[in-house]
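Some notes on the structure that comes next.
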Amino acid sequence: MKQQERNRVRGLSRRLAATLSAFCLLAFGSGVVAETGKVALTFDDLPALSLFADQPYVNYLNDMLLRGLKRHHLPATGFVNESKLDAIDRTQQIANLQKWLDAGMNLGNHTFSHESPDQLGAKGYIADIARGEPVTRALLAARHRPLLWFRHPYLETGAPAEVKREIDDWLSAHGYRIAPVTIDADDWEFAEPYDDAIARKDETRRLRIRKQYLDYTERTIAWYQKASDVVFGRQIALVMLLHATRLNADCIDDLSGILKARKLQGVSLDEAMKDPAYLTRDPYVGHDGIDWMERWSQERRRDLPWNSWQDPPRQIVEEYDRTNNDRH
Ligand SMILES: [Zn+2]
């Protein structure tokens, strides 16, 4: 502490100094970050990730999610699987995408069928990306906006290295930027048991899942903020992976509250990606879908704080496995 600051502290009344030190203990002891940060919200699997192919349910969750994002001034980018358009009512599904643009949000490509590059190989995966764009591209073009963003399903980026390189080269030749993920709180795992609780009209279970989800999300965001300090020595602008679900539509006010508590200001994906951290090379080649904080911890040779990582509650994992065996 500089002499000048020490003198200022000495000059404070004892009462104020005591309050301040209690605050510091509270703030730093509980892992609250002092620095204000930025976060871009991204929602995958548009028009919706839902247990039911139920058009009114999907329309409702899109309406509520977008209303909440606007209410809290949270920009967002939605990543579309165009295979989902024909899974229910194509006209209404496209109208849901339109609503995202009407609400001032952006859209990106998440492949047509949500298959893994490991399943399809480079050529098949690239064909699935190309097949996933016509409707989204046209909706954006009607507003004189480019289709810029691509999100890999399961965060799988292709392996071995030649497959990854072929996919990367195709994406950049076609004007795409990969949307990395630097917060992943496994919301999909809570979302389908939540849909199931709604279908069964089990209000106690629905509220319990919601609470478990919000508690887990707050803890996980704090972990990624800590990881940012470890890997970059500062709070980078974060990109959070979420899904277009009824759970997030119902929780959007609480999610906004969590971001405020973590001192995170919502920004667009374009804005977050201006952070120079996103120029860091992604060295990872492998079959697991891992987030970019982990990829960059490898590139920068920093160990992530795994000793404080917590997986989703076992109860949720079991409920998910009983409800569905797909992953998102
Ligand atoms: Zn997905």
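With +1 on each Lys and Arg Cβ and -1 on each Asp and Glu Cβ, how big is the dipole of the range 187-328 about its Cα centre, in debye rounded to the nearest 20? Show your work: numbers first, answer last.
Values: 23 positive and 27 negative charges, 95 e Å.
Using only the charged Cβ atoms, the result is roughly 460 debye.
Subtract the Cα-Cα distance of residue 72 and residue 211 from 0.36 nm times their separation in residues, and report this length gain in nm to one decimal.
Extending this stretch completely gives an extra 48.0 nm.
Considering only C-alpha atoms, what is the centroid distance from the range 251-274 to the range 308-323, in Å?
Distance between centres, Cα-based: 25 Å.
Quick one: angle between helix 246-261 and the longest Cα principal axis of the chain, in degrees between 0 and 90, rounded to 10, please.
Taking the Cα atoms of the chain, the angle to 246-261 is about 20 degrees.
Going through the range 68-150, which trypsin sites (Lys or Arg not before Pro) have at most 12 other Cβ atoms within 10 Å and a DSSP loop state? Don't jump to the answer; show the numbers that get you there.
Values: sites: 70, 71, 84, 90, 99, 123, 131, 137, 143; in loops: 143.
When the trypsin sites (Lys or Arg not before Pro) of the range 68-150 are filtered for loop state and at most 12 Cβ neighbours within 10 Å, 143 remain.
Quick one: order 241, 148 by neighbouring beta-carbon count within 10 Å, fewest to most.
On the way: 241 23, 148 18.
Ascending number of Cβ neighbours within 10 Å: 148, 241.
Could you check the spin-label model distance between residue 162 and residue 113? Points 7 Å from the Cα along Cα→Cβ, value in nm.
Here the answer is 2.3 nm between the modelled labels.
Suppose only helical runs count, i.e. DSSP H with n ≥ 4. What mean residue ellipticity at 222 nm does that imply for the chain under -39500 (n - 2.57) per run, divided by all residues and rounded to the nearest 500 deg cm²/dmol? Mind dumping the intermediate values first?
Details: 13 runs with 172 residues, N = 328.
Counting only the DSSP helices, I get -16500 deg cm²/dmol.
Roughly how tilted is helix 90-102, in degrees to the nearest 10 and between 0 and 90, from the longest Cα axis of the chain?
Helix 90-102 sits at roughly 30 degrees to that axis.
How do 255, 139 line up, fewest other C-beta atoms within 10 Å first? Mind showing how you got there, number by number?
Numbers: 255 26, 139 18.
Fewest-to-most ranking of 255, 139: 139, 255.
Out of the range 209-310, which chymotrypsin sites (Phe, Trp or Tyr not before Pro) are coil in DSSP terms and have no more than 15 other C-beta atoms within 10 Å? Spell out each step's value before the answer.
Numbers: sites: 213, 216, 223, 224, 232, 278, 284, 292, 296, 306, 309; in loops: 284, 309.
Here the chymotrypsin sites (Phe, Trp or Tyr not before Pro) that fit, given the DSSP loop and packing criteria, are 309.
List the trypsin sites (Lys or Arg not before Pro) within the range 187-229 that DSSP assigns to loop and that have no more than 14 neighbouring Cβ atoms inside 10 Å.
Numbers: sites: 200, 201, 205, 206, 208, 210, 211, 219, 226; in loops: 200, 201.
Here the sparse-neighbourhood loop sites are 200, 201.
Show which lysines lie in cross-link reach of residue 99 when reach means a straight Cα distance below 17 angstrom and same-chain residues fewer than eight apart are skipped.
70, 84
I'd like the FRET efficiency for residue 303 and residue 234, computed as 1/(1 + (r/R0)^6) with the beta carbon distance as r and R0 of 30 Å, rounded to 0.05. Write out the running numbers ahead of the final one.
On the way: r = 17 Å, r/R0 = 0.58.
FRET efficiency, residue 303 to residue 234: 0.95.
Which of the residue pairs 38/274; 123/274; 123/164 have a Cα-Cα distance greater than 21 Å in the structure shown? Mind dumping the intermediate values first?
Numbers: 38/274 11 Å; 123/274 31 Å; 123/164 11 Å.
Where the Cα-Cα span goes over 21 Å, the pairs concerned are 123/274.
How large is the charge dipole for the chain, taken about the Cα centre, if only the Cβ atoms of Lys, Arg (+1) and Asp, Glu (-1) carry charge, to the nearest 20 debye? Display every interim value, and only then the final one.
On the way: 45 positive and 48 negative charges, 411 e Å.
The dipole of the chain has a size of about 1980 debye.
None of the figures in this text is laboratory data; all of them are computed from the coordinates on show. Everything numeric here is computed off the predicted structure, so don't read it as measured data. So basically every Cβ, Gly included, is an ideal-geometry build from the backbone, and we count neighbours across all protein chains shown.
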